[in-house]
Amino acid sequence: MNKRIFYIAIVALSIVVSCSVSEDEIVPESTYDCELPMGTQNSEHPHHVKYEEALDGIVARGVPGILMTVYDANDGNMPWIGSSGKADLKSNVDLKPCNITRVGSTVKMFTAVTVLQLVEEGKLSLEDKAAEYLSKETMRDIENAEEATIRQLLQHSSGIYNYIQSAHFQTASLNDLTKEWNPDELLDYARGQKSNFSPGTDVDYSNTNYIFLGEIIEKTEGKPFYEVFQDRIFNPLNLSFTSFAAENPVPKNIIRGYSDLYSKLEVTDATHFSGWDYYTADGGLISNPYDLNTFFTALVNGELISSSALDEMMDWIEPDIKDPDFFPIAYGLGIFKMETPWGEAYFHSGDAIGYYANMVYFPNHETTICWAVNGNYGKIDEFTSTQEAMENIFKVIFD
């Protein structure tokens, strides 16, 4: 559900990756200072000890750091917010629950909510062709772009080629890991590529869809899509830890990101390696699990879109090809459903180089679980983002 396919390919190239431009920088501990809102005292939470022990156990296996927020509506409206590990290995700074991190493709749910708000206001229709809002140049030589609807972009049922799958893009990004890409440069890697299927006949994840959706939001609202997010989601929900990379690509206080490129738990500082999604609506979100949990809980509680729009969002389509290494899933509009031993769960995960995040809601338990780690790929993924890793987290919370 994320950009991992890209870096699996990069590791397979077996090319030596240069060190980050800032790997040897010693950052003052005060750089990472932050505070959570009042009323979030974990020591008073009924499950504080076992949650904290679970995070400590994940870090003990070699993960640089992990943040997690759990909200169970049955716990008296008291979220648990915790962290373990380091915000910065070089400077030996402990991770705080309020620290900010990259949360990658989780932004797609923000994109989808914004589009659904515009639909409710009569500014768009889900059945509108994307071509009504996109320029000829934007769509040039991208198969299915002229035919796909807004709904199909949201649901990854457009069949439009995912630019990240291009070997040329993977090589170009590897050769300049700190490059900041603009949307047109990314779309160039989808031009001339064969579509995956005819629109509406299957589902397959494509970041290209969400570059288009960001531009549709901008066309409709007359300003950058991330400013629309600010107006419609960040500010109303008081997501004070959330921003978009385009406004400040590498904030001084963002926790360091690390990649285990060679599966030896010998990490490379990748804090500056995520520049392809700074300016597009397929990634680029900066946040933390506390804010992600606030957002997701508000969404399922009807605070952002109507119940009918939420029903549209959760009109599921199962892919023709199943992933044997993950829970059975189905695609909604900017959201996914997975079948787990604890019942169905709605979710969206996200990667950036050196970072991973996931936000999950279990409707039968009225519980939202969000976590983020400042490390990914190689062995780190085994402990944070695989089905087994997720099951281990869910067991702590539900068993």
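The values are calculated or read from the model by the stated rules, or taken from the named source; none is laboratory data. Remember, predicted model here, so these are calculated numbers, not experimental data. FYI the Cβ positions are ideal-geometry reconstructions off the backbone, even for glycines, and counts take in every protein chain you see. Heavy atoms of the whole protein, side chains included, go into the accessibility calculation; ligands, DNA and RNA do not. Shrake-Rupley method; radii C 1.70, N 1.55, O 1.52, S 1.80 Å.
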Task: Residues located in segment 271-304, provided they are at pLDDT below 95 and part of a helix (DSSP H, G or I) - done: Gly275, Trp276, Asp277
Open item on the list: Checking the conditions here, which among Asn92, Asn77 is open to solvent by 30 Å² or more (accessible area, probe 1.4 Å), more than 21 Å from the chain's Cα centre (by Cα) and within 13 Å of Asn293 (Cβ to Cβ)?
Closed with: Asn77
TODO: Determine whether segment 135-147 contains at least one residue that is open to solvent by less than 30 Å² (accessible area, probe 1.4 Å), modelled with pLDDT under 95 and among the polar types (S, T, N, Q).
DONE: no
Open item on the list: Six or more apart or on different chains, Cβ atoms under 7 Å: show the pairs whose first residue is in segment 259-270 and assigned to a loop (DSSP other than H, G, I, E, B) and whose second is acidic (Asp, Glu) and buried (at least 16 other Cβ atoms within 10 Å of the Cβ).
Closed with: Val267/Asp260
Open item on the list: Criterion first (touching a helix residue (DSSP H, G or I) at 6+ places or on another chain (Cβ under 7 Å), crowded, with 19+ Cβ neighbours inside 10 Å and over 28 Å from His272 (Cα atoms)) does Val103 satisfy it?
Closed with: no
Open item on the list: Suppose we filter segment 24-52 for residues that are open to solvent by 40 Å² or more (accessible area, probe 1.4 Å), closer than 23 Å to Glu366 by Cα and outside any loop (DSSP other than H, G, I, E, B); how many remain?
Closed with: 6
TODO: Looking only at segment 104-115, decide whether some residue is farther than 22 Å from Ala357 by Cα and in a helix (DSSP H, G or I).
DONE: yes
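Would you kindly identify the helices (runs of 4 or more DSSP H) lying entirely within segment 153-255 that contain at least 3 residues that are open to solvent by less than 60 Å² (accessible area, probe 1.4 Å), of a type outside the set (A, V, I, L, M, F, W, C) and touching an Asp or Glu at 6+ places or on another chain (Cβ under 9 Å)? Spell out how you get there, then give the answer.
On the way: elements: 167-175, 183-187, 207-221, 225-229.
So the answer is 207-221.
Could you tell me whether Ala73 is touching a residue at least 60 places away in the same chain (Cβ under 8 Å), among the aliphatic types (A, V, I, L, M), touching a helix residue (DSSP H, G or I) at 6+ places or on another chain (Cβ under 8 Å) and under 28 Å from Gly334 (Cβ atoms)? Talk me through it step by step, then tell me what you get.
Details: touching a residue at least 60 places away in the same chain (Cβ under 8 Å): yes; among the aliphatic types (A, V, I, L, M): yes; touching a helix residue (DSSP H, G or I) at 6+ places or on another chain (Cβ under 8 Å): no; under 28 Å from Gly334 (Cβ atoms): yes.
No.
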Task: Given (1) farther than 24 Å from Tyr331 by Cα; (2) at pLDDT 95 or above, number of the condition Pro79 does not satisfy - done: (2)
